[in-house]
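Report on one structure; see the data block that follows.
The values are calculated or read from the model by the stated rules, or taken from the named source; none is laboratory data. Fair warning: this is a prediction, and the values are worked out from it, not measured in the lab. Using ideal geometry, Cβ is built from the backbone for each residue, glycine included, and neighbour counts are taken over all protein chains shown. The area values use the complete protein model at the heavy-atom level, side chains included, leaving out ligands, DNA and RNA. Shrake-Rupley method; radii C 1.70, N 1.55, O 1.52, S 1.80 Å.
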Amino acid sequence: MKDTVVESLILDLLDWVASRERTYAEVMDAWRTSCPKLPVWEDANDRGLVATVQENGREVVRVTPLGQALLAERQAARQAAG
């Protein structure tokens, strides 16, 4: 069950980051947790689904191509389900 919850939250994180430019501070404020049972940011980062880049003197979080592929799979599954 835990893995299903974390996976769903990771997809929510990717959707949220992809929706508009997000600074690292903004992402940490919204998604970092000290709960070891919900390592959403940590898992997404470890799996290479998000990346933090320097842009115009700011740290910005981006969804990686791997993360974009996961989002595309989710969208295809939703469309197939009707």
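Gaussian network model of the chain, Cα springs within a sub-10 Å range: biggest mean-square fluctuation belongs to which of 33, 23, 64? So, out of 33, 23, 64, the one fluctuating most is 33. With θ taken as phi - 60° and the Karplus curve 6.51 cos²θ - 1.76 cosθ + 1.60 applied, the whole-hertz 3J(HN,Hα) list for the range 28-37 is 5, 4, 8, 10, 6, 9, 9, 7, x, 8 Hz, x standing for glycine and proline. The percentage of C-alpha pairs in the range 1-46 whose separation is greater than 18 Å is 21%. Residue 60 sits among other residues whose Cβ lies under 12 Å from its own Cβ, and their net charge, with Lys and Arg +1 and Asp and Glu -1, is 0. Largest to smallest in accessible area, the residues 58, 74, 22 fall in the order 58, 74, 22 (1.4 Å probe, all protein chains included). This structure gives Rg/Rh (Cα atoms, Kirkwood Rh), computed directly, and of [x] 0.99; [y] 1.45; [z] 0.94 that value is listed as [x].
Each Lys and Arg Cβ is given +1 and each Asp and Glu Cβ -1; about its Cα centre, the range 11-82 then shows a dipole of about 140 debye. Taking all Cα pairs closer than 8 Å and separated by 6 or more residues, the relative contact order of the chain comes to 32 percent. Here is how the number arises for the chain: DSSP H runs of 4 or more residues each give -39500 (n - 2.57), the sum is divided by the residue count, and the result at 222 nm is -19000 deg cm²/dmol.
Selection among 16, 54, 81 by position relative to the dipole of the chain gives 81 as farthest towards the positive end (Cβ unit charges, Cα centre).
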